[in-house]
Amino acid sequence: MVSLRFLLCFLFVSSAYATIVSHDGRAITIDGHRRVLLSGSIHYPRSTPEMWPDLIKKGKEGGLDAIETYVFWNAHEPTRRQYDFSGKLDLIRFLKTIQDEGLYGVLRIGPYACAEWNYGGFPVWLHNMPGMVFRTTNKSFMDEMQNFTTMIVDMVKKEKLFASQGGPIILAQIENEYGNVMGPYGESGKAYIKWCANMAQSLDVGVPWIMCQQNDAPQPMLNTCNGFYCDNFVPNNPNTPKMWTENWTGWFKQWGGKNPHRTTEDVAFSVARFFQRGGTFNNYYMYHGGTNFDRTAGGPYITTSYDYDSPLDEYGNLNQPKYGHLKQLHDVLHSMERTLTYGNISTIDFGNSASATIYKTEEGSSCFFGNGNEKSDATISFQGESYVVPAWSVTILPDCKNEAYNTAKITTQTSMMVKKPNEAEDTPSTLKWSWRPENVDNFILKGKGDSTQTQLFDQKVVTNDQSDYLWYMTTVKFKKRDLFLGKSMSLRVNSTAHALHAFVNGKHIGNQHAENGKFNYVFEKDVKFKSGRNVIALLSITVGLANYGAFFESKPAGITGPIFITGRNGDETIVKDLSAHKWSYKTGLNGFENQFFRTESMSKWSVESVPFNRSMTWYKATFKAPLGNDPVVVDLMGLGKGTAWVNGNNIGRFWPAFISSENGCDAKCNYRGAYHAEKCLTNCGEPTQRWYHVPRSFLNGEGDNTLVLFEEMGGNPSLVSFQTTRVGSVCANVYENKIIELSCDRKPISAVKFASFGNPYGNCGSFEKGTCESSNNTVDILTQECVGKEKCSIDVSTKKFGEPDCSGAARKLAVEVIC
Ligand code: GAL
């Protein structure tokens, strides 16, 4: 008897604490059920722990089953064997937040991440180990990779976070998209992938491992797809379900670039198409992009904002209609889980890129009608009914009869975000600044650093990436009658510095930065050298280290030379090569070392004659936190380039002086046809990034807050202001017989700005009445139903709005309300 009770108890405990995750060619199976899984990427260090619960909850409300993240090695092990899991880096807390919300987790350990993250997530000390080559059968590399991966797995196991232990994590990843770059690694690359698979497998996590974009993934690794479309993807093993680890919801941004947009219709189309063609797991990369705080942006040139045009914007607001339209899609797909993962599949090809896919079980069937044609709508006849499927869209019919969803028909509101001035009490409209110079005299006048070498070194090698800044300094002596002197002379630097400032004898002779993605350029300036000793000081600045490509770890950064002085006398040119001169090096800048960004450091700041357009200058101001809990941004318009801190928290690099080019934007943006990163750009001719996120948790709600700016190039801080971002107005534009919900995101709707039922046209913010319109007062009806409420649900019907005569064409409601 006792033993039976013990046995029952044991069975109960073990089933309550372990989740069995397995798979077959159809799907991931969790505790005996094949699943349709929708997942979204949220990278923990790109937001703050205070933001995590809300972001993850919004993911769940948006219909996600799982949250995915990479693990960022260089953030956790900034110095070899010294680890950091505090604050934004508290991986375990992040995973537990996912668990608390009842979602699954997908843990992409890598430990190569890519992710537009500094150096792809690799620590720079790793590169500086003797004989090191990344991502191949290099003993030192494999040892370090195994060490870090094992440590992460052990930490996660200790907290019982793998599904096999009753935790949320259902999948783990090793490496990342190695298949895309493995050619140049030859046979060693193939051996490395086998080693990765064995190493991962030996860690015994009890859930499947994935290897994305790896079509030679050894069993039992699951190879998965990344891209804008993955419906054509076929895994390398019939027992591997069709999985999509990165469905890019938008794209990242680079300094000098524009704002990328991927339309809602096209993201939805790609997902529906993927499930039409047998997909079972779709992860949005990104679901929340967030912010590259501090020096975490990769690149070179990845911006501080990593908004990505994802369903949750950088600050965590709903990006509508993307968020809502995808939520509806998730709900429909989930409702079909059984037929999709167990049903027999048959397809009908109607030609002209139109097709129907039928999933059939004994209980019922579900259908997808797809139209991949970019131009023409398709009329599909199916079981005696006729259906119009718009160009570049998929219609989903959970019962194969009634259209429940079409990817191109958006019935979710569009939200227009606005920025509001800081409404904190007694905050003056302009900030009161104090300033102090960055002390560069030792370098530009004396050329004195910490170490000397008769060689030009790659910046990473010298700095270990402890700073963006590296001084390269040398002295050149000319005799009184030196042939060079008196001629027209110049300094010529072959540079791979992302940005460069040059000084000769204490004088700033110029600066330059890489343009249009060309990180290899020549800096050349006329200079007057004097007889005797001349000091050349070059300040090289990195703006995010490379994160992608075969052997990306050895892409040069800094001033790798050669460096020449040239003298010209008529046709005669004399060249002096300084490359093997004695170079003195100094990593970092004074103000960083002495932590000028700390709020306590008060001495030596002056409120007198605050300079404008002065390079190498520190600015400081105090401000009150904006009232309420809307996300906060700081507008840095007027500044050049540098770094910003709020209450000592580094909010990232800024560079509002970098203006994107005038052309290449497409406000109209046709969602039909394959998306690519240059399609549907906005923000032409504007600063690539003007506003910078200040998470609420960085602010003191009451009392003073401090903003510190380090300005490298020269700028004008007088326009800097704190603002909040929130929904300004909300629009819908839907055909009759639909229900539409309008919501101001927890704020009341204050007025109806536009409403017309008939054939209105235009876009949110610029709707116009058409040629037919209902005689009922649409504005009045909506005012009654919506104003004063946080949300309202409207039945778009002739019963409610009347029957305008639109010559038989379908009638629409267009509405814009103010929040
Ligand atoms: C993929 C990579 C991701 C990210 C993405 C672009 O190739 O796996 O980490 O970099 O591209 O955003």
Original post:
Once you sort the root eigenvalues of the Cα gyration tensor of the range 193-332 as a ≥ b ≥ c, which label holds: rounded (a/c under 1.5), prolate (a/b larger than b/c) or oblate (the other case)?
Top reply: oblate
Original post:
Where the eigenvalues come from the Cα gyration tensor of the range 172-218, what are the semi-axes √(5λ) of the equivalent ellipsoid, largest first, in whole Å?
Top reply: 20, 11, 7
Original post:
Separation of the range 764-798 and the range 557-612 by C-alpha centroid, Å?
Top reply: 62
**OP:** Choose one of Gln173, Ile358, Ile302: the residue whose Cα lies farthest towards the positive end of the charge dipole of the chain (beta-carbon charges +1 Lys, Arg; -1 Asp, Glu; about the Cα centre).
**Re:** Ile302
Original post:
All other residues with a Cβ under 10 Å from the Cβ of Gly364 taken together, and with Lys, Arg as +1 and Asp, Glu as -1, what is their net charge?
Top reply: -1
Original post:
All other residues with a Cβ under 9 Å from the Cβ of Arg295 taken together, and with Lys, Arg as +1 and Asp, Glu as -1, what is their net charge?
Top reply: -2
Subject >> trypsin sites (Lys or Arg not before Pro) lying in DSSP loop within the range 334-439, provided at most 15 other Cβ fall within 10 Å >> reply: Lys375, Lys401, Lys432
Original post:
How many percent of DSSP beta bridges within the chain run antiparallel, rounded to 5?
Top reply: 80
Subject >> Neighbour-limited loop hits for trypsin sites (Lys or Arg not before Pro), the range 553-639 (at most 13 other Cβ within 10 Å; DSSP other than H, G, I, E, B) >> reply: Lys582, Arg598, Lys604
Subject >> Phi to ³J(HN,Hα) by Karplus 6.51 cos²θ - 1.76 cosθ + 1.60 over the range 549-563, Hz, x for Gly, Pro >> reply: x, 5, 6, 4, 4, 9, 4, x, 9, x, 9, 9, x, x, 10
Original post:
In debye to the nearest 20, how big a dipole does the range 343-411 give about its Cα centre with +1 on each Lys and Arg Cβ and -1 on each Asp and Glu Cβ?
Top reply: 140
Original post:
When DSSP assigns beta bridges and you keep just the ones with both residues in the range 36-319, what percent turn out antiparallel, to the nearest 5?
Top reply: 15
**OP:** Please report how far the C-alpha centroid of the range 264-316 lies from that of the range 31-76, rounded to the nearest whole angstrom.
**Re:** 12
Original post:
Out of residues 5 or more away from Gly558 or on other chains, whose amide H comes under 5 Å of its own, with H placed 1.01 Å from N in the peptide plane?
Top reply: Gln459, Thr496, Ala497, His498
Original post:
Span-like helices, the chain: DSSP H, alpha-carbon axial extent 15 Å or more, mean Kyte-Doolittle 1.0 or greater, which ones?
Top reply: 2-17
Subject >> Value of relative contact order over the chain, rounded to a whole percent, pairs C-alpha under 8 Å and six or more apart >> reply: 12
Original post:
Going through the range 22-66, which trypsin sites (Lys or Arg not before Pro) have at most 10 other Cβ atoms within 10 Å and a DSSP loop state?
Top reply: none
Subject >> DSSP beta bridge pairing in the range 228-327, given as percent antiparallel to the nearest 5 >> reply: 35
**OP:** Name the residue farthest towards the positive end of the dipole of the chain from the options Thr725, Ser41, Gly664, assuming +1 on Cβ of Lys and Arg, -1 on Cβ of Asp and Glu, about the Cα centre.
**Re:** Gly664
**OP:** Note the per residue figure in Å³ for the convex hull of the C-alpha positions in the chain.
**Re:** 216
**OP:** Whole Å is fine, so just give me how far the alpha carbon centre of the range 638-653 lies from that of the range 186-253.
**Re:** 38
Original post:
Tally Lys and Arg at +1 and Asp and Glu at -1 over the other residues with C-beta under 14 Å from the C-beta of Trp248: what net charge comes out?
Top reply: -4
**OP:** Would you count, across the range 745-804, every pair of lysines whose alpha carbons are under 22 angstrom apart, provided the pair is eight or more residues apart or spans two chains?
**Re:** 11
Subject >> Listed residue (Met417, Asn74, Cys367) projecting farthest to the positive dipole end of the chain, Cβ model >> reply: Asn74
Subject >> Exposure rule at most 10 other beta-carbon atoms within 10 Å, DSSP loop GluC sites (Glu not before Pro): the chain longest free segment >> reply: 1-361
Original post:
In debye, nearest 20: dipole of the range 54-181 around its Cα centre with unit charges on the Cβ of K, R (+) and D, E (-)?
Top reply: 240
**OP:** Run the numbers on the range 36-319 and let me know its relative contact order in percent, using alpha-carbon pairs under 8 Å that are six or more apart.
**Re:** 19
Original post:
For the range 387-464, what number results from the quotient of the Cα radius of gyration and 2.2 N^0.38 Å?
Top reply: 2.70
Original post:
So what are the ³J(HN,Hα) numbers for the range 379-396, from phi and the Karplus equation (6.51, -1.76, 1.60; θ = phi - 60°), rounded to whole Hz, Gly and Pro as x?
Top reply: 10, 10, 9, 9, 6, x, 10, 10, 10, 9, 10, x, 3, 6, 8, 10, 9, 10
Original post:
In whole angstrom, how long is each semi-axis of the equivalent ellipsoid of the range 660-819, when you take the square root of 5 times every eigenvalue of its Cα gyration tensor and sort them from largest down?
Top reply: 40, 24, 12
Subject >> Listed pairs Lys139/Lys460; Lys258/Lys604; Lys448/Lys487 exceeding 31 Å between Cα atoms >> reply: Lys258/Lys604
Subject >> Percent of Cα pairs exceeding the 22 Å cut-off, where the set is the range 258-363 >> reply: 47
Original post:
Under 5 Å between amide H atoms, partner at least 5 residues away or on a different chain: which partners does Glu773 have, H built in plane at 1.01 Å?
Top reply: Asp805
Subject >> the range 134-242 shape via C-alpha gyration tensor axes, a/c threshold 1.5 >> reply: oblate
Original post:
Quick one: putting +1 on the C-beta of Lys and Arg, -1 on the C-beta of Asp and Glu, what dipole do you get for the chain around its Cα centre, in Debye to the nearest 20?
Top reply: 2460
Subject >> Using alpha carbons only: equivalent-ellipsoid semi-axes of the range 36-319, gyration tensor based, whole Å >> reply: 26, 22, 20
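Readers should treat all values here as calculations from the given coordinates under stated rules, not as data from a laboratory. Owing to the predicted nature of the structure, the values given are computational and were not obtained by experimental measurement. Counting neighbours? That spans all protein chains shown, and the Cβs are built from the backbone with ideal geometry, glycine included.
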